[in-house]
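This report concerns only the one structure given below.
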Amino acid sequence: MSTMVDLRAVTKRFGSFTAVNDVSLEIAEGEFLTLLGPSGCGKTTLLRLIAGFDTPTEGSVWIGGEDVTHLPPYRRPVNQVFQSYALFPHLTVAENVGFGLRMQHIDKTEAAARVTEALALVSLTGLDARKPHQLSGGQRQRVALARALVCRPKVLLLDEPLSALDAKLRRSMQLELKRLQRQLGITFVFVTHDQEEALTMSDRIAIVNGGRIEQLGTAHEIYHRPATRFAADFVGQANLLEAQLLLQDSECVRVAVTGGLELTLPLAAWPAGATVALIAMRPEKVHVSKSRSSTAFAPGAANIFQARIEEEIFQGATDHLILVTAAGTRLGVVVANESALGDIFHAGDLVYCGLHTDDLVVVKAE
Amino acid sequence: MSPAPVIPTDSRTPHWRAWLLLAPMVAWLVLFVVVPTAILLVYSFCERDEVGRVLFSFTLENYRRVADPVYLRIFLRSIGYAGLTTIICIVVGYPVAYCIGRAREDWRQRLLLLVMVPFWTSFLIRTYAWITILKQEGLLNGFVQQLSPTAKPFDLLYTPTAVVIGLVYAYLPFMILPIYGSVEKLDGALIEAAHDLGAGPLRVFSSVIIPLTMPGIAAGTLLVFVPAVGMFAITDLMGGARVPLIGNVIQNQFLQARDWPFGAALGAVFMGLFALTYWIMLKLGAHSEDSVA
Ligand SMILES: Nc1ncnc2c1ncn2[C@@H]1O[C@H](COP(=O)(O)OP(=O)(O)O)[C@@H](O)[C@H]1O
Ligand SMILES: [Mg+2]
């Protein structure tokens, strides 16, 4: 697949403040790429550099194999769905959606047909004559989407388009956007600060922090193999543990983590030559059981240890447990509430924990 | 269907204490708007004696005299001058208001202050200043002479041009301020959205910026056009009373001709026409408000 958007060593400074710091990023044609990061990390600025509202201080921006660094936004084959939607208040829904076509001097009958088609695509048929202020938040969002899609851009930029919607609507729009993107085959660059949203929708996720891309990978890679402390912490939940090397053989290393718990992990996962490292443990990867012999322990769970439940937080489908191991290490774990017949955990219970060696990820060598 | 909620009627009728709060404003309106207008209307139906005293006897004679083509012509001329003034104010004021409205936030107040600075000195002094600029041996001619000593000095003062210059100068801030107000409210994301959808700078201006700042233009037009039609001081001072406008005629009736009833009739007609214009503007404004809200 060919590269659609190519950021080459892009830096953007506002005065002495560096909002985007030496970012290189290749986005493939037809890809759904998400820029994920906390507020103020430079996501919007990155998007504005692709759209053409800002020009990079250093580096260049390429779209469809063409250097567009100095092209104004109205000459780029890119459209954006704005965070505030930015619908024209003086125009009707149909006029809003048709605006881009009018600017391109597209024949009136063809334009009308494309507007109707675009409105149908986002399930807004029949609302043509409304003004934006007569629409609900969700409908406005769809108009903004139709207005951008009707221009048939090579790349669609979406800046936190769902953040103003309530949780339920948001959920259904996520699926709908994903469906639309597959159906149309347009490259989507989607910005969000919501990690769940990013995991649900993206082909690849770029974790942005402090104007840099910390990690780029599929949702799977990002979740299961976080590359940095920030990535591990920002996406999902993780127990971040400082690990000290105790001993190593030809296959495994044995480490002691914060609080004293000893764990085994594959030699290959351990940074060569390091004596200390930061490791991440996902809370749902720890199997918890009341009996040592329980079948709940997956084969190969080389890390088995005892812990006491300090706190139990019921969350419906899952149970959140705060454990303290015999050695004194505190861990957060999540267990499924499978059935009323399974183990029921209470604060104070003594439990056995099993953890596969491969489920420990070194995020940083020190 | 849920039953309509029962609204206690008294919750909708303001309490007498609420009216009391409004009393100062009502008193102000009665004293300075209703009473003078009533006096004007009453006078317009009266006669006058030889020495100019108002006689309270009913007549329609004054209104018949207003219909005289002479006054119609003066009235149309006034509208022409005011219209030209308004157009120039829009053309000159819009870019100024736009730049201020889109300037960095900390600069806006300072720039606005510059627009208001002229108001710190008396209107008459400022008008006399223009006279010293425009008169034959004035600053403007002196400047031209410096540049090209052979040029014939021109006579601007006491011409229609001078009147229009004076009117534009006096009313420009009243155009700039309301336009500034609507430019400042304009969401920058809309301009970016238009660019994003393929509109170059000119299309953005004509398709997005102008329509969205129309309420400001309409308000400015009202604030400039209405007083400009009735202005008499500038026409007197800078036009040398050679181009009498309706304001001068009315002023004359009261001060020189001492025909108060006729002056009142002219004023009443004048006011009626403005009420009409205003009403039409409101209708249009309400329409565009509906689309902008
Ligand atoms: N025009 C600007 N002038 C100065 N600083 C800016 C400008 N635009 C953005 N910034 C700064 O750059 C940083 C990144 O902003 P932004 O890209 O909007 O972050 P995000 O979208 O990830 O929340 C922020 O600290 C913001 O204050
Ligand atoms: Mg942002």
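Placing unit charges on C-beta atoms (Lys and Arg positive, Asp and Glu negative, everything else neutral), compute the dipole magnitude of the protein assembly as shown about its Cα centre in debye, rounded to 20. Spell out each step's value before the answer.
Details: 55 positive and 58 negative charges, 474 e Å.
Roughly 2280 debye, rounded to the nearest 20.
Can you give the net charge of the other residues whose Cβ lies under 15 Å from the Cβ of A:GLY185, counting K and R as +1 and D and E as -1?
Numbers: positive: A:ARG152, A:LYS154, A:LYS178, A:ARG179, A:ARG182; negative: A:GLU29, A:GLU31, A:ASP203.
It works out to a net charge of +2.
Sorting B:TRP279, B:TRP260 by accessible area (1.4 Å probe), largest first, what list results? Can you show the working numbers first?
Values: B:TRP279 145, B:TRP260 85 Å².
If we order B:TRP279, B:TRP260 from most to least accessible, we get B:TRP279, B:TRP260.
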Exercise for the section: Using a 1.4 Å probe and counting only protein heavy atoms, arrange A:LYS154, B:LYS283 so the residue with the most accessible area comes first. Expected result: B:LYS283, A:LYS154
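Filter the cross-link list A:LYS43/A:LYS154; A:LYS178/A:LYS364; A:LYS108/A:LYS168 down to pairs whose alpha-carbon distance in this structure exceeds 29 Å.
Values: A:LYS43/A:LYS154 20 Å; A:LYS178/A:LYS364 33 Å; A:LYS108/A:LYS168 38 Å.
Over 29 Å apart, Cα to Cα: A:LYS178/A:LYS364; A:LYS108/A:LYS168.
For A:THR57 and B:SER206, what is the calculated FRET efficiency with R₀ set at 45 Å and r taken between the beta-carbons, to the nearest 0.05? Don't skip to the end; give the middle numbers.
Details: r = 33 Å, r/R0 = 0.73.
The calculated FRET efficiency here is 0.85.
Using +1 on the beta carbon of Lys and Arg, -1 on that of Asp and Glu, and nothing else charged, what's the dipole of chain A about the Cα centre, debye to 20? Show your work: numbers first, answer last.
Values: 35 positive and 40 negative charges, 254 e Å.
Dipole of chain A, to the nearest 20 debye: 1220 debye.
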Practice task
Run the 1.4 Å probe and let me know the accessible area of A:TRP62, rounded to the nearest 10 Å².
Solution key: 60 Å²
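Please give the calculated 222 nm ellipticity per residue for chain B, where each DSSP H segment of at least 4 residues contributes -39500 (n - 2.57) and the sum is spread over every residue; nearest 500 deg cm²/dmol? Show your work: numbers first, answer last.
Working: 14 runs with 206 residues, N = 293.
So the helix-based figure for chain B works out to -23000 deg cm²/dmol.
Hey, if we sort A:ASP319, A:ASP166 by accessible area with the 1.4 Å probe, largest down, what's the order?
Details: A:ASP319 10, A:ASP166 95 Å².
Per-residue accessible area, sorted high to low, gives A:ASP166, A:ASP319.
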Fill in the blank from the handout: Farthest towards the positive end of the dipole of chain B, among B:MET281, B:SER148, B:VAL224 and with Cβ unit charges of +1 on Lys and Arg and -1 on Asp and Glu, lies the Cα of B:SER148
Problem - Positive-pole candidate from A:ALA206, A:VAL288, A:ILE309, dipole of chain A, charges at beta carbon - result: A:ALA206
Completion exercise
Once all protein chains are kept in place, B:ILE210 shows an accessible area at probe 1.4 Å, nearest 10 Å², of 50 Å²
Exercise for the section: Treating only the Cβ atoms of Lys and Arg (+1) and Asp and Glu (-1) as charged, compute the dipole magnitude of chain B about its Cα centre; round to the nearest 20 debye. Expected result: 300 debye
Handout entry: Local net charge near A:LEU169, Cβ-Cβ under 12 Å (Lys/Arg +1, Asp/Glu -1)
Key = +3
Fill in the blank from the handout: So, over other residues within a Cβ distance under 12 Å of B:ALA194, counting Lys, Arg +1 and Asp, Glu -1, the net charge is 0
Problem - Solvent accessible area, Å² - A:GLU117, 1.4 Å probe, full protein context - result: 110 Å²
Problem - Under 24 Å from B:LYS152, Cα to Cα: lysines that are on another chain or at least 8 residues apart - result: B:LYS135
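Using only DSSP helix segments of four residues or longer, with each worth -39500 (n - 2.57), what per-residue ellipticity at 222 nm results for chain A after dividing by its residue count and rounding to 500? If you can, show how the numbers build up before the last one.
Values: 8 runs with 84 residues, N = 366.
Result for chain A, helices only: -7000 deg cm²/dmol.
The values are calculated or read from the model by the stated rules, or taken from the named source; none is laboratory data. Remember, predicted model here, so these are calculated numbers, not experimental data. Counting neighbours? That spans all protein chains shown, and the Cβs are built from the backbone with ideal geometry, glycine included. Protein only, heavy atoms only, side chains kept; ligands, DNA and RNA dropped before computing areas. Shrake-Rupley method; radii C 1.70, N 1.55, O 1.52, S 1.80 Å.
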